[in-house]
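**Q** My questions will all concern the structure given below.
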Amino acid sequence: MSHPADKNDNSVSLADEDGVKRILAETMLGLWSTVNNLSRLTPSKRDRYRVTIFGSARTDPSHWVYQDVRRMTRELAGMGCDIMTGGGPGLMQAANEGAQEAAAAGLIQNIGIRVDLPFEQAVNPFVGQSFEHETFFTRLHQFVLMSDAFIVAPGGIGTVLESMMIWQLLQVRHLQDTPLIFAGKMWQELVDWADVQMLRPGFELASPEDMKIPRCVDTADEAVAIVREHHARWRTGQTQGA
């Protein structure tokens, strides 16, 4: 008499290494398909306006850039904008600190979206709500899903990675009407490099419109002004949609 399990032609023995690998690969791809499908669901109305600040984890609180970022987010939070960062030290902490200073009435959310790194401290003390990720990819996906504007402060390789991904998503219109603001002279030089190298006549690697996506500013005040204008349009849309 055959065992009932023998009738299951789809079963794979754990001793079948290739079969196990195939099932794992199929399952992972299926999970990604599910996540991608769920991410298509968007609210008809966003109740909160969130600004993400990308920037260096290495900047000391005594540095003038730290103080500028702190002042900038204090002003943004005063407008009613939630503030989101990577939740770590440096300019991320500066942004969360500024948001906390402006949130006496408890009207805004002060969010840190962290990734587990062996050499970085725990979430900074100014974060009000934190999310933990094990990979940069899922973390960046959460930033994309939750943000209405991005401000890129001075930063290193991680900040470049984050800002380039947002730039690319805006280029292919997976993000729309989402300001990407590069604050600081170092970013203008990056955009100038991209303009020269990617728009060489006869060897174009991008379009001229792509170079206009990031808005480069020298000061925190200019960054706030761009967000203020976009935030005002968002509030108008909220009122009309009510």
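The values are calculated or read from the model by the stated rules, or taken from the named source; none is laboratory data. From a predicted model like this one, the values you see are computed outputs, not experimental measurements. Quick reminder, even Gly has a Cβ in these numbers, built from the backbone with ideal geometry, and neighbours come from all protein chains shown. Heavy atoms of the whole protein, side chains included, go into the accessibility calculation; ligands, DNA and RNA do not. Shrake-Rupley method; radii C 1.70, N 1.55, O 1.52, S 1.80 Å.
**Q** Search the stretch 154-165 for residues that are among the hydroxyl-bearing types (S, T, Y) and pair each with any residue that is surrounded by 14 or more Cβ atoms within 10 Å (Cβ to Cβ) and not in a loop (DSSP other than H, G, I, E, B) when their beta-carbon atoms are under 8 Å apart and the residues are at least 6 apart or on different chains.
**A** Note: pairs meeting the criteria are T159/F54; T159/V152; S163/F54; S163/F150; S163/V152; S163/L180; S163/F182; S163/W187.
**Q** Can you tell me which residues in the stretch 64-78 are touching a helix residue (DSSP H, G or I) at 6+ places or on another chain (Cβ under 9 Å) and not acidic (D, E)?
**A** V65, Y66, Q67, V69, R70, R71, M72, T73, R74, L76, A77, G78
**Q** Just checking, how many residues over the stretch 170-208 are open to solvent by 40 Å² or more (accessible area, probe 1.4 Å), closer than 22 Å to A149 by Cα and either of a type in the set (S, T, N, Q) or in contact with a Ser or Thr (Cβ under 8 Å, 6 or more places away or on another chain) (or both)?
**A** 3
**Q** Take R58 and tell me if it is of a type outside the set (A, V, I, L, M, F, W, C), under 18 Å from the mean Cα position of the chain (by Cα) and not in a helix (DSSP H, G or I).
**A** no
**Q** Which members of the stretch 16-57 meet the condition of being of a type in the set (G, A, S) and modelled with pLDDT under 85?
**A** Selection gives G19, A25, G30, S33, S39, S44.
**Q** Here is a further query. Touching a Leu at 6+ places or on another chain (Cβ under 9 Å), in a helix (DSSP H, G or I), more than 19 Å from I83 (Cβ to Cβ) and open to solvent by less than 70 Å² (accessible area, probe 1.4 Å): does that describe W167?
**A** So W167 fits the description; yes.
**Q** So in the stretch 196-242, with the set limited to residues that are closer than 22 Å to Q176 by Cβ and among the basic types (K, R), which one is modelled with the lowest pLDDT?
**A** That would be R235.
**Q** Hey, does the stretch 64-71 have a residue that's free of Cβ contacts under 8 Å to residues at least 12 places away in the same chain and assigned to a helix (DSSP H, G or I)?
**A** Yes, the stretch 64-71 has at least one match.
**Q** Let me ask something else. Which of the residues that make up the stretch 128-141 are open to solvent by 30 Å² or more (accessible area, probe 1.4 Å) and closer than 27 Å to A225 by Cα?
**A** Those that are open to solvent by 30 Å² or more (accessible area, probe 1.4 Å) and closer than 27 Å to A225 by Cα: G128, Q129, H141.
**Q** Considering only residues of the stretch 191-220 that are of a type outside the set (V, I, T) and touching a residue at least 24 places away in the same chain (Cβ under 8 Å), which is nearest to C81 (Cα to Cα)?
**A** A220
**Q** Looking at the stretch 194-208, which of its residues are touching a helix residue (DSSP H, G or I) at 6+ places or on another chain (Cβ under 6 Å) and assigned to a helix (DSSP H, G or I)?
**A** Once the filter is applied, which keeps residues that are touching a helix residue (DSSP H, G or I) at 6+ places or on another chain (Cβ under 6 Å) and assigned to a helix (DSSP H, G or I), the stretch 194-208 yields only D195.
**Q** Working only within the stretch 72-89, note down all residues that are outside any loop (DSSP other than H, G, I, E, B) and open to solvent by 20 Å² or more (accessible area, probe 1.4 Å).
**A** R74, E75, G78
**Q** Evaluate the stretch 209-228: report whether one residue or more is in a strand (DSSP E or B), surrounded by 17 or more Cβ atoms within 10 Å (Cβ to Cβ) and β-branched (V, I, T).
**A** Scanning the stretch 209-228 turns up at least one residue that is in a strand (DSSP E or B), surrounded by 17 or more Cβ atoms within 10 Å (Cβ to Cβ) and β-branched (V, I, T).
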